[in-house]
1. For residues in region B:124-136 being open to solvent by 10 Å² or more (accessible area, probe 1.4 Å) and in a loop (DSSP other than H, G, I, E, B), which is nearest to B:C84 (Cα to Cα)?
2. Could you list, in sequence order, the residues of region A:51-66 that are in a helix (DSSP H, G or I) and at the interface with chain B (Cβ under 8 Å from one of its Cβ atoms)?
3. Just the residues that are at the interface with chain A (Cβ under 7 Å from one of its Cβ atoms), among the small types (G, A, S) and touching a residue at least 60 places away in the same chain (Cβ under 8 Å), please, taken from region B:172-231.
4. Scan region B:90-123 residue by residue and report those that are of a type in the set (D, E, K, R), farther than 20 Å from B:S80 by Cα and either touching a strand residue (DSSP E or B) at 6+ places or on another chain (Cβ under 8 Å) or open to solvent by less than 10 Å² (accessible area, probe 1.4 Å) (or both).
5. Please state which one of B:G139, B:G184 is out of contact with any Pro (no Cβ under 9 Å at 6 or more places or on another chain), under 30 Å from A:Q76 (Cβ atoms) and open to solvent by less than 50 Å² (accessible area, probe 1.4 Å).
6. Can you work out which of the residues in region A:192-220 that are touching a Lys or Arg at 6+ places or on another chain (Cβ under 7 Å) and not in a loop (DSSP other than H, G, I, E, B) is modelled with the lowest pLDDT?
7. Scan region B:186-202 and give yes if some residue there is basic (K, R), farther than 28 Å from A:Q58 by Cα and not in a helix (DSSP H, G or I), otherwise no.
8. Consider B:S193 carefully, then state whether it is under 24 Å from B:A269 (Cα atoms) and either in contact with a helix residue (DSSP H, G or I) (Cβ under 9 Å, 6 or more places away or on another chain) or not charged (D, E, K, R) (or both).
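The values are calculated or read from the model by the stated rules, or taken from the named source; none is laboratory data. Since the structure is predicted, the reported quantities are computational estimates derived from the model, not experimental observations. Cβ atoms come from the backbone with ideal geometry, glycine included; neighbour counts cover every protein chain shown. SASA here: full protein model, heavy atoms, side chains in, ligands and nucleic acids out. Shrake-Rupley method; radii C 1.70, N 1.55, O 1.52, S 1.80 Å.
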Amino acid sequence: MFKKNAVAAGMVAFASLSLAAGFAVADGSKDADVDITAMSAEELAEYLIFETDSFRDQEMQEGGGWRDRMTQDDIQKACSMEGSPDGETAGRVVALARASYERPEGGVQLGDWRKGAVLADSGFGYRQGHNTDDHGQREPGGNCYNCHVFDSRVSVQGTVGPSLENYGATRGTSEAILNYVHEIISNPHQYFPCTEMPRFNSDRHQLLTDEQISHIMAYLLDPESPVNNQ
Amino acid sequence: MFKKALLALPVAMAVGAAAQAGEWQDPNDVLQNLLQNNPDSKYLHQSEMNIMMMPDNPALWLVEEGEDLFYAERGPNNVSLEGCDFGKGPGELDGAYVELPRYFEDTGKVMDFEMRLVHCMKELQGFSSDDAAVAQRHGNGSDIMKLTTYIAHQSSGMAWNPPLDHPKEQAMRDAGEVLFFRRGGAMDFNCASCHGDSGKQIRASVLPEMRDGQEWTKAVSWPAHRAGHDNVRSQNHRIRGCVWQMRHAGIKPDTPVNTALISFWNDAARGEPAILPDLKR
C-alpha cells in the first residue's frame, strides 16, 4: 500500500530545505528565532506545514503519518504551479508517470458495473482530521461523480473533468481500450500531465484496489452499464 | 471578449467608488450589487433561494448576540473586549475585519482574525484554552462565532485590504499563495483544483474562481450562514472543510498555515467589497 521510496525522497528534499532555512536555534524554541522573511515563499510554505504544529498527529489510512501524506513526491512538486505545465515539465511528468506504471498480472479485466456505479458515486475515504474516515467500517470510494458526469439521470454530477456519458458506447472493449482506461485511472499523468485527477494506483500509493478499479472500469465500458445506454 | 470588457467597465467604477469611500454597506446591498454587475457568474447566481433569504439572513441573530458578548465584562479578569486591538486600535472595529490578517507588535507575528480574537480572550479576559468560550470554535452556539459575526459585520461593504507593508505580512501572503497551488495529500489536490476555473461544479456546487475578484469576495466572505449546515461558519471552518475534502492532513486551529492561506485569500479579494455576514449553500 504505502510506498516508502516516494516519501523517503520527499523527506530528503525537506531535510536539505531545513538546513537552508536555518531554523535550528540555540535555545531550542524554533518559533521565536525563525526569521520568516529570510526564506523564499516556497521555503516558508514548507516550514509552515512541517514545523509549526499546524496538523493533527494521526495515522493515515494509506499508512504512514501526516508528514508522509503532506510530503510532496516528484509529480506533486512538478505540478504545483498556476495554470498548465510548460512543455519541459509536461514531458517530465509523463515520463515519471509512465516509468512507475505497472499493468496487473494477467491483464486488465472488467468487473461488475453495478459495484462500479456504487464506487464511482462514493465520496467516502481517506479524509482526515475532525472526522476521520474509518476504512474498517466502509470501503473507500472513487469520488468520480464529484468531477465527472456518468449518468445525468441519477443525480447532479460534477464538471471539473470531462463528461463520460456513453464513454464505452463509442469506444468498445478492445484490449487497447481496456489498457488505456486502466492506465488513466491508475495514473492519469501518463496522458494528461498535471491533471487535477488523483492517481488511484501509483508508486505513491494504492487508493483503490485492482478489483475496485475493475468494477469502475466496467461501469465505464461494459455495454450493459447505464453509462453506455443513454 | 468584447462582452467582458463592456461588463468590466461599470464593475470597475462601482468597485472603485466603494473601495474609496470605505463606507459600511448592508450585506444584502453588497450582494445585490455583485449580482447585478456579474449577470453571467454561475457561482454568484447559483442559489435563487439563498439570494431571496439574504435580507433575513439567520446570521444576523449572531450579530446581536455577539454585540452583547463583546461589551460584556467576562472571564476570570472580568473585562470586556473593548481593550482588544484588531489592528485599528483598542475596541476599534470599523473596517478592522477586512484589514486582517496583519502583523501585531505585541506578539511579533502575523495573526488572522480568529487567532487575534482568541489571543484577546486569553490575554485580556483571562480565559484558558480549555474554557468553552475559547475551545468551542464552531456552531451558532459558540461565543467565538457570535463575536466573529458581530465584529465582521462592522466591516460589511468595505473593501478587502489586508496590509502588506510589514515584511512578515508580505511573507505570509506569499507563502499562502504557494500553499494555494501546492499539490499534495492522498489525492494530489491543491486549492486551484477546485478554484482555478469559473463555472465548474463539484457535484451540485458551483465553485468560485480565485482570480475572479467578484466571485472571490463572496467566496471569502465568512462568517456566513451555511444553509446546508444550518449554522454560521468562519473562514477557518471553510479551510478545515476544504483540507478535509482534499485528503490532506487534519488542520489544527490557531496555526500559521491557516493564517498564510487567509492572508492570500483576502489579498486575492483586495479592493472588492466584503459581504458580512454572507449566506451560502
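1. Per the criteria, the residue is B:L124.
2. The answer is A:W66, and nothing else.
3. Passing the criteria: B:A175, B:G184, B:G185, B:A186.
4. First, pick out the residues of region B:90-123 that are of a type in the set (D, E, K, R): B:92, B:94, B:99, B:102, B:105-106, B:109, B:112, B:114, B:116, B:122-123.
From the residues that got through so far, the ones that are farther than 20 Å from B:S80 by Cα too are B:99, B:102, B:105, B:109, B:112.
Answer for region B:90-123, where residues must be of a type in the set (D, E, K, R), farther than 20 Å from B:S80 by Cα and either touching a strand residue (DSSP E or B) at 6+ places or on another chain (Cβ under 8 Å) or open to solvent by less than 10 Å² (accessible area, probe 1.4 Å) (or both): B:R102, B:K109, B:D112.
5. Working: B:G139 fails: under 30 Å from A:Q76 (Cβ atoms).
Just one listed residue meets the conditions, B:G184.
6. So the residue we want is A:H205.
7. Yes, the conditions are met somewhere in region B:186-202.
8. Criteria met by B:S193.
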